[in-house]
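Taking it in order: structure first as structure tokens, then the write-up.
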Amino acid sequence: MNKTLITTALILTVTACGGNGGGNGNPTTPHTPPTTNGKFETIPAAPSNLTHKLAIVYSKTSEQNFWNPTNYSQLFRSVQTQAMMAGLPYDLINEDDLLDINKIKKYKTLLFPLFSYVKENQIEKISKNIKTAVQQYNVGIVTAGNFLTNTETGTAIAGDSYRYMKDILGIKRLDGAGPLNFTIKTTDVTHPALVNEYNNNETILSYSKDYTDYFMPTGAYPSRIIAEQILNGSQVENELIAITNKGRHAHFATVQAMADANLLWSILQWSVWGNKSPATLQMGREKALFSSRTDMDQSMYAEEVGTVEVPLLNQLKIWKNRYNFVGSYYLNVGNRPSEGEYTDWGVSAPLYKQYIQLGNEIGSHSYTHPDKTNELTASQINFEFASSRAIIENKMGLKNIGAAVPGNPENLATSKKIISHVDYLSGGYSARGSGFPNGFGFLTADSNKVYLSPNMSFDFTLIGFQHKTPAQAKQIWNTEFNNITKHAKQAIIHWPWHDYGPNDTDNAGYTLDMYEGFISKAKNYGSEFLTAKDLSLRIKSFKNSAVDISPITGNKIVAKVKSNNSGQFSLKLNKPKMISSVDKWYAYNQDTVFLNKNGGIYTIRLGSPKALTHITKLPGRSKLLSLSGNGEDIKFKFSGKGKVQLITKCTNPSSIKISGGLSTYQKINSNNISLNFPSNKSYTETIVDITCP
């Protein structure tokens, strides 16, 4: 810790009669530290006994009978992303956990991405426990397609193969059809899961020459059809059925409908809370989390570093200044020096450290960029990823770097092998039509590392393979972005591109505009740019958190958040509610509460804004470590770089005094000030002392 930081306070003062004229405060003479106007207070800690209300079940038996294990894992991660959108931290459990009623009765909802197939010698015990969880403990079930209908061999269970589905959910299968064209539309937007989110008869999804199934309620339990399928333009069948039987259940006709649109998160909120939650725990403070992935294919050609990676750095500096853009850059090392495939670390290490200084991260793209990782042996995978990680970390002075898979998309078995050697893994493209979209989370229930599937098209796929024009590629990216963010609570975008693209160093038809235009669109939408490592850490922190949110009572919401790393998280109110104040907490804007590192109990008052000094904006990627105040003055600890904006209790305070941290200060208007933190680091406690007339 810098000694000057500890012993010297920076005091900035504005007086009512002019002072620095409301402009930049930059005094050079030390002043007496400020005296605050009352006792500081902060929110109480969240109860230690908060637990997860949602469990997502990974069925190994269903995985083995699915299209392939890789697609099942994509589906599993896709529904994890929907749980994140719902603001519901979750447990991941295996089908063997269903054999113990004590493990499942504690949840409000069990989410089964697909649970058609069950081991024959376990089906009676598992179905009995699920029914007990529903009937005696009011646990909700959310699932898709057939449920508890087939054995591990794929054969239908003896007798009425739908008897467990009928008994537990009150749902039976009617038929299936395909290939055909069909659309999925809303039919009951007054249902709590859809209210204020969808329009009546809104098209959710459209499919061409695809297959579907359809189901209907048995009438045993109260149910509502909230979405329908229109087959070949005329035949109407059920798509999404909401059932109330002790717990709140939902059944999607197909796994595609469950995962291909941002519909599941609304269903999960209803199943857990009974209505839309009045506030949602989010992994950031902006509308979307945007993680850029750059495959540095030319990094292992020593002679091309100067012509590709240096110009790219210059462009990244421009994008950082214009958009606060950062991303992840994955290096190949090279292992054929006689053919020019090697890294000259004397040149490359200082260069890539400049990338890091901009807020970017460096990871591994393998040692030699093998195109077919599925064909590698275990020892070859170890060389490509463990060895490349070791040398990059050694030469760059880094620890625990992640990796991006080169070449063709890898299968689940290969993903598991590669991820064992790195901190996290960005793998193969996964989206509607190529698996399932938004595949962020953990590969299986037993995984402890985060896997990220790009959900945007690669630049090479569009230009180099499909031979699109730059204008067409840009439009495809824009359309993909619009689809990902449509009805999303907080979308996650993982955008893959190559080092040679923005400057078109190979004269392959790329243009700078296709990249910058898309970055500009993402920024204007309200995206927070972050590295893949940051995203993976947030996903881990979210999963390990716990939350309990009360219904609105007397214009008050009580949100309890248990976490040890939530300083970048927020509580987002559902429209059209507005925040008046938060008891003993002073970091929020009109609809979003900014959380501190350790969570707590946030008592949110609704209505017209109350006159209190509070933080209204924090810079992207920053962490709010702690905060306290008394309504007029606040003090906070902060980690990050950029401007922290505050609104003061009164207009035109007679004085504003700032101490702590290394910040510059600017008065924006009569009751808004901005503190500038110029370096990306953790700052000592900053005190804002306001004197009102």
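What dipole magnitude, in Debye to the nearest 20, does the stretch 288-530 give about its Cα centre under +1 on Lys/Arg Cβ and -1 on Asp/Glu Cβ?
Result for the stretch 288-530 is approximately 940 debye, rounded to the nearest 20.
Points 7 angstrom from Cα along the Cβ direction at ASP175 and ARG605: gap in nanometres?
It is 6.1 nm.
If you take mean projected area of the Cα convex hull in nm² from the coordinates, which of (i) 32.6; (ii) 31.1; (iii) 35.3 do you get?
Evaluating mean projected area of the Cα convex hull in nm² on these atoms matches (i).
Given the Cα-Cα distance of LYS681 and GLN64 and 0.36 nm per residue of separation, how much length would full extension add, in nm?
Length gained, LYS681 through GLN64: 217.4 nm.
Sticking to Cα atoms, compute the Rg of the stretch 389-511 to one decimal and its Dmax as the biggest Cα-Cα distance, whole number, in Å.
16.0, 45
How big is the gap, in Å, between the Cα center of the stretch 42-87 and the Cα center of the stretch 230-255?
So the two Cα centres are separated by 21 Å.
Take every DSSP beta bridge with both residues inside the chain and express the antiparallel ones as a percent of the total, to the nearest 5.
Within the chain, antiparallel bridges account for around 70 percent of the total.
Calculate the spin-label point distance for THR153 paired with ASN138, positioning each point 7 Å from the Cα along the beta-carbon direction, and give it in nanometres.
Result for the modelled spin labels: 4.3 nm.
Using only C-alpha positions, report the orientation-averaged shadow area of the convex hull of the stretch 548-613, nm², one decimal.
Averaged projected hull area, Cα only: 4.2 nm².
Efficiency by 1/(1 + (r/R0)^6): what FRET value for LYS128 and SER654, r their Cβ-Cβ distance, R0 = 60 Å, to the nearest 0.05?
0.25
With a point put 7 Å past each Cα toward its Cβ, work out how far SER520 is from HIS467 in nm, to one decimal.
3.0
Given axes a ≥ b ≥ c from the Cα gyration tensor, I'd like to know whether the stretch 596-692 is rounded (a/c under 1.5), prolate (a/b larger than b/c) or oblate.
Note, shape of the stretch 596-692 comes out oblate.
Can you give me the P(r) profile for the stretch 78-157? Cα pairs, bins 5 angstrom wide beginning at 0, each as a whole percent.
P(r) over the stretch 78-157, rounded to whole percents: 3, 14, 24, 26, 19, 10, 3, 1.
Compute for the stretch 54-277: radius of gyration divided by Kirkwood radius, i.e. Rg/Rh, restricted to C-alpha atoms, rounded to two decimals.
0.93
Among the lysines, which fall within straight-line cross-link reach of LYS395, defined as a Cα-Cα distance under 24 Å, with same-chain neighbours fewer than 8 residues apart omitted?
LYS317, LYS353, LYS533, LYS681
Mark the label point 7 Å from the Cα of MET216 along Cα→Cβ and return the residues of the stretch 166-205 whose backbone N is within less than 14 Å of it.
Counting only backbone N, you get 171-176.
Under 8 Å for C-alpha pairs, at least 6 residues apart: give me the relative contact order for the stretch 578-622, rounded to a whole percent.
So the answer I get is 50 percent.
Can you give the % of DSSP beta bridges in the stretch 288-530 that are antiparallel, to the nearest 5?
In the stretch 288-530, approximately 20 percent of DSSP beta bridges are antiparallel ones.
Using Cα centres only, tell me the gap between the stretch 380-455 and the stretch 341-355 in whole Å.
23
How do PHE112, PHE458, PHE529 line up, fewest other C-beta atoms within 10 Å first?
The most exposed by this proxy come first: PHE458, PHE112, PHE529.
Summarise the long-distance tail of P(r) for the stretch 253-308 by giving the % of C-alpha pairs beyond 16 Å.
70
Determine one quarter of the surface area of the Cα convex hull of the stretch 288-530, which equals its mean projected area, and express it in nm² to one decimal.
12.7
Is any residue of the stretch 427-467 close enough, with backbone N under 14 Å, to a label point placed 7 angstrom from the Cα of SER208 along the Cα-Cβ axis, and if so, which?
The answer is 433.
Among SER581, ASN565, ILE634, whose Cα lies farthest out toward the positive end of the dipole of the stretch 563-693, if unit charges sit on the beta carbon of Lys, Arg (+1) and Asp, Glu (-1)?
Farthest towards the positive end: ASN565.
Using the number of other C-beta atoms within 10 angstrom as an exposure proxy, rank SER563, SER291, SER434, SER338 with the fewest first.
Result, fewest neighbours first: SER338, SER434, SER563, SER291.
Can you tell me the FRET efficiency between LYS166 and ALA378 if r is taken as the Cβ-Cβ distance and R0 is 60 Å, rounded to the nearest 0.05?
0.80
Classify the stretch 142-234 as rounded, prolate or oblate, taking a ≥ b ≥ c as the square roots of the eigenvalues of its Cα gyration tensor: rounded when a/c is under 1.5, otherwise prolate if a/b is larger than b/c and oblate if not.
oblate
To check you understand DSSP bridge types, tell me what percent of the beta bridges within the stretch 54-277 (both residues inside) are antiparallel, rounded to 5.
65
Restricting to DSSP H runs of at least four residues, report the calculated mean residue ellipticity at 222 nm for the chain, -39500 (n - 2.57) per run over all residues, nearest 500 deg cm²/dmol.
Roughly -7000 deg cm²/dmol at 222 nm, from the helical runs in the chain.
Report the relative contact order of the stretch 300-403, percent, no decimals, based on alpha-carbon pairs under 8 angstrom and at least 6 residues apart.
Contact order relative to length: 28 percent.
When a/c is below 1.5 the answer is rounded, else prolate if a/b is larger than b/c, else oblate, so apply that to the stretch 96-209 with a ≥ b ≥ c taken from the square roots of the Cα gyration tensor eigenvalues.
Oblate, since a/c reaches 1.5 and b/c is not below a/b.
Over the chain, what relative contact order in percent results from Cα pairs under 8 Å that are six or more residues apart?
16
Is there a quick way to get the dipole size of the chain? I mean about its Cα centre, with the Cβ of Lys and Arg at +1 and of Asp and Glu at -1; what is the value in debye to the nearest 20?
2840
For the stretch 144-297, what are Rg and Dmax over the alpha carbons, in angstrom?
My reading of the Cα-based Rg and Dmax gives 17.6, 59 Å.
No value in this document is a laboratory result; all are computed from the given coordinates. Predicted, not measured: the structure shown is a model, and the values here were computed from it. Note: ideal-geometry Cβ built from the backbone for every residue, glycine included; neighbour counts use all protein chains shown.
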